[in-house]
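These notes concern the structure reproduced below.
The values are calculated or read from the model by the stated rules, or taken from the named source; none is laboratory data. Only a predicted model underlies this, so the values are computations on that prediction, with no experimental measurement involved. When we count neighbours, we look across all protein chains shown, and the Cβ atoms used for this are built from the backbone with ideal geometry, even at glycine.
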Amino acid sequence: MSTKKTKKKSQWHDIWRQLKKNKLAVISLFVLIALILIAILAPVLAPYSYKTQDVVNANAGSSAEHLLGTDKLGRDILSRLLYGSRASLIMGFSAIAIGAIIGIAIGAISGYFGGWTDNIIMRLLDIYQAIPMLLLCIALAAVLGPSLRNAIIALGVGMVPGYARMMRASVMTVRGKEFVESAKSKNCSTVRIILKHIIPNAIGPMIVQITMGVGSCILSGAALSFIGLGVQAPTAEWGAMISDARASLRQYPTQALYPGLCVMISVLACNLLGDGLRDALDPRLRN
Amino acid sequence: MNPLLEVKNLKKYFKTGGGMLHAVDNVSFTLDEGKTLGVVGESGCGKSTLGRTVLHLLEPTDGQIFFQGKDITNPSRKELRQLRENMQIIFQDPFSSLDPRKTVSEAIMEPLIVRGGMSKADMQAKTRELMDTVGLAARLEHSYPHELDGGRRQRIGIACALALEPKFIVCDEPVSALDVSIQAQVINLMLDLQEQRGLSYMFVTHDLSVVKYISDDILVMYLGQVVEKAPADELFSNTLHPYSKALLSAIPVPKYPNNAQRILLKGEITSPINPKPGCRFAARCRYATEACSKPQTLVECSPGHFIACCRYKEIQEHKEDNENA
């Protein structure tokens, strides 16, 4: 038991050691951790509540009182940004979790069994993918009502075909390898082969896509909120904040700039971390 | 005594766009306990398919397989599980037959975990014992396959195959991906294991010098069919089939001047898809006549020596004439 534990620990240690070599990935990791901490600690960090209105000071610039100024309703932008990270991160991580788990399961089954199973699943996904994602989200929001939860479901479901397709391609290259046949000859059940041999070997390219997907989900979530289908006022969300600032973009560009920067930084951090993780997770690239 | 393994008229066809591909066609053989059957032939002659079909990694199209006297042609799920504990395979390429994400001990332990019924400590002890048996140092147990050289990887493959203590192992070109110096080590290891454990091997290879060294009986295959079957010594001293002769003449002889005559085959290998009846080698055979277009049967020309060539007697005489002249 104890040997197993030390070994597992050393495996993670190994990955961390590899990841450390990639400076950008480490910085990204810290940025993401900081974002998560900010999301958790928002009520402590924020100088004001996200919905306190200071109408006299509406559309104010930076000052000691309001570090990043206020929006058209006089709400403190810094506080709203801090609170907004909650909705954005929840949206990014939950949507990707839904999309990736369902997508990986479908892709693994499709790729491993091939033949008719594969044909039917792929044709269904083709039909599904022919529906534009944004329209699908709008339709879902119309049916379920616009809210954070429904935006997450819509985004997650929308990610499924992409991940399923990618997983399928990856699984198909792994399926033909001799070690799968070897596992079969060692009496491994199909479930065991898929879970223990196929998925661990096929998931490498997916890790990158999943981490990057968090970024794109934050982006799409912001877009959904921007068109009013995601988070509802007065809850703070970066996309909704950009949307609010749109009307007065010429006079007060910073109101849109700050949430935009937040989206950009978090998406970039996800992408760079994904890149670093791919290299670190593949034992063949280690040395 | 019953033979350990008996294969009767085994057929494996694959459906392709152009028709049925006859990968293994009417192959029969028996294998006694503790013996080695060498299967030789050029690439694509169905020798690996034969091994995989016997192990039910591929389902046979037709024919029968008996293991320890029991018909195992259509095993139930449960029977197949039991069967696989007795029949294992060592793969050709240790680079692709090992899961790159499993350490040495994980790979060797896996068959034990799947079989179940052993405590974790017992499995670990068994794994160490197996590593020791195949000559892998204990310090390598947490290494990944890509960190090891080909010889060590193939030792892992052998340890995995031995984990369930099988009686019969199909060796699918187990040394052809290795350096020559390591080939000898691995073959000696396999011979030692055979002696200690009374294993039976079906040794699939295209390397004739290896097969001569290791086999009791040899099966020569051409395009899915057995063309000649004989005890190893007999086959090498009294080769009858023109194809076997050509094949054996390809063994390099470390001697100068080299007087051995190399028989070069001309022409393309016939397509295995929907083959015509008759000798499949006829198109490349210099002795081919009208008679060769009829189906050939395997006949016993001397005790234990089978040949599927209707003209072998004439060819033999022809050869003697040449020698007398």
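Among the numbered conditions (1) more than 22 Å from B:ALA230 (Cα to Cα); (2) within 14 Å of another protein chain (Cβ to nearest Cβ); (3) of a type outside the set (A, V, I, L, M); (4) buried (at least 17 other Cβ atoms within 10 Å of the Cβ), the only one that B:GLY51 does not meet is (1).
Screening B:LEU4 on (1) more than 19 Å from the chain's Cα centre (by Cα); (2) more than 14 Å from every other protein chain (Cβ to nearest Cβ) shows it passes everything except condition (1). The set of residues from the stretch A:199-257 being among the hydroxyl-bearing types (Ser, Thr, Tyr) and under 22 Å from A:MET159 (Cβ atoms) comprises A:THR211, A:SER216, A:SER220, A:SER225. Of all residues in the stretch B:82-96, those satisfying the criterion of being touching a strand residue (DSSP E or B) at 6+ places or on another chain (Cβ under 8 Å) and not in a helix (DSSP H, G or I) are B:MET87, B:GLN88, B:ILE89, B:ILE90, B:PHE91, B:GLN92. Look at (1) crowded, with 23+ Cβ neighbours inside 10 Å; (2) on the phi < 0 side of the Ramachandran plot; (3) among the small types (Gly, Ala, Ser) and you find that B:SER76 fails only one, number (1).
Within the stretch A:135-147, does at least one residue satisfy the condition of being at negative phi, away from every other protein chain (no Cβ under 14 Å) and out of contact with any helix residue (DSSP H, G or I) (no Cβ under 9 Å at 6 or more places or on another chain)? For the stretch A:135-147, residues at negative phi, away from every other protein chain (no Cβ under 14 Å) and out of contact with any helix residue (DSSP H, G or I) (no Cβ under 9 Å at 6 or more places or on another chain): present. The requirement of being within 14 Å of chain A (Cβ to nearest Cβ) and in contact (Cβ under 8 Å) with a residue 40 or more places away in the chain is fulfilled nowhere in the stretch B:26-39; no residue meets it.
Taking residues in the stretch B:181-210 that are on the phi > 0 side of the Ramachandran plot, and partners anywhere that are of a type in the set (Lys, Arg), the pairs with Cβ atoms closer than 8 Å and at least 6 places apart or on different chains are B:GLY198/B:LYS167. Checked against (1) assigned to a helix (DSSP H, G or I); (2) in contact with a Phe, Trp or Tyr (Cβ under 6 Å, 6 or more places away or on another chain), B:MET190 meets all criteria but (2). Taking the stretch A:88-97 on its own, how many of its residues are closer than 11 Å to A:ILE210 by Cα and surrounded by fewer than 24 Cβ atoms within 10 Å (Cβ to Cβ)? Result for the stretch A:88-97: 2.
B:SER215 falls short on exactly one of the conditions (1) closer than 29 Å to B:MET20 by Cα; (2) among the polar types (S, T, N, Q); (3) within 24 Å of the chain's Cα centre (by Cα), and that condition is (1). The combined condition, being out of contact with any helix residue (DSSP H, G or I) (no Cβ under 8 Å at 6 or more places or on another chain), acidic (Asp, Glu), within 14 Å of another protein chain (Cβ to nearest Cβ) and over 16 Å from B:SER28 (Cα atoms), is fulfilled by B:GLU79. All conditions but one from (1) crowded, with 20+ Cβ neighbours inside 10 Å; (2) of a type outside the set (D, E, K, R); (3) closer than 23 Å to B:ARG77 by Cα; (4) away from chain B (no Cβ under 14 Å) apply to A:LEU155; the one that does not is (3).
Every residue, every condition in (1) under 30 Å from A:ALA139 (Cβ atoms); (2) surrounded by fewer than 19 Cβ atoms within 10 Å (Cβ to Cβ); (3) not charged (D, E, K, R), yes or no:
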{"site": "A:SER225", "(1), (2), (3)": "yes, no, yes"}
{"site": "A:VAL231", "(1), (2), (3)": "yes, no, yes"}
{"site": "A:THR235", "(1), (2), (3)": "yes, yes, yes"}
{"site": "A:SER243", "(1), (2), (3)": "yes, no, yes"}
{"site": "A:TYR258", "(1), (2), (3)": "no, no, yes"}
{"site": "A:LEU273", "(1), (2), (3)": "no, no, yes"}
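Please work out if B:ASP62 is among the charged types (D, E, K, R), facing chain A (nearest Cβ under 9 Å) and over 16 Å from A:ILE193 (Cβ atoms). Taking the combined requirement at face value, the residue does not satisfy it.
Quick grid of which residues meet (1) assigned to a helix (DSSP H, G or I); (2) touching a Phe, Trp or Tyr at 6+ places or on another chain (Cβ under 8 Å); (3) on the phi < 0 side of the Ramachandran plot; (4) surrounded by 14 or more Cβ atoms within 10 Å (Cβ to Cβ):
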site: A:ILE38; (1), (2), (3), (4): yes, no, yes, yes
site: A:ASN59; (1), (2), (3), (4): no, yes, no, yes
site: A:GLU65; (1), (2), (3), (4): no, no, yes, no
site: A:ARG80; (1), (2), (3), (4): yes, yes, yes, yes
site: A:ARG86; (1), (2), (3), (4): yes, no, yes, yes
site: A:ALA108; (1), (2), (3), (4): yes, no, yes, yes
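So that you can scan it fast, the table gives a plain yes or no per residue for (1) assigned to a helix (DSSP H, G or I); (2) under 21 Å from the mean Cα position of the chain (by Cα); (3) within 25 Å of B:ARG52 (Cα to Cα):
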| position | (1), (2), (3) |
| --- | --- |
| A:ASN119 | yes, no, no |
| A:ILE152 | yes, yes, no |
| A:LEU155 | yes, yes, no |
| A:PHE179 | yes, no, yes |
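Exactly one residue out of A:LEU140, A:LEU136, A:LEU148, A:LEU124 is touching a residue at least 24 places away in the same chain (Cβ under 8 Å) and over 30 Å from B:VAL114 (Cβ atoms): that is A:LEU148. I'd like the full set of residues that are over 30 Å from B:LYS245 (Cβ atoms), assigned to a helix (DSSP H, G or I) and in contact (Cβ under 8 Å) with a residue 12 or more places away in the chain, limited to the stretch B:41-81. Across the stretch B:41-81, the qualifying residue is only B:LEU80.
Looking only at residues in the stretch B:1-38 that are surrounded by fewer than 15 Cβ atoms within 10 Å (Cβ to Cβ) and of a type in the set (S, T, N, Q), the one that is nearest to B:GLU300 (Cα to Cα) is B:ASN9. If only residues of the stretch A:123-152 that are surrounded by 18 or more Cβ atoms within 10 Å (Cβ to Cβ) and more than 18 Å from A:ALA97 (Cα to Cα) are counted, the one that is modelled with the highest pLDDT is A:LEU125.
Considering A:SER248, A:SER243, the condition of being within 24 Å of the chain's Cα centre (by Cα) and among the small types (Gly, Ala, Ser) is satisfied by A:SER243 alone.
For B:ALA121, the criteria (1) in contact with a Cys (Cβ under 8 Å, 6 or more places away or on another chain); (2) over 24 Å from B:LEU193 (Cα atoms) hold in every case but one, which is (1).
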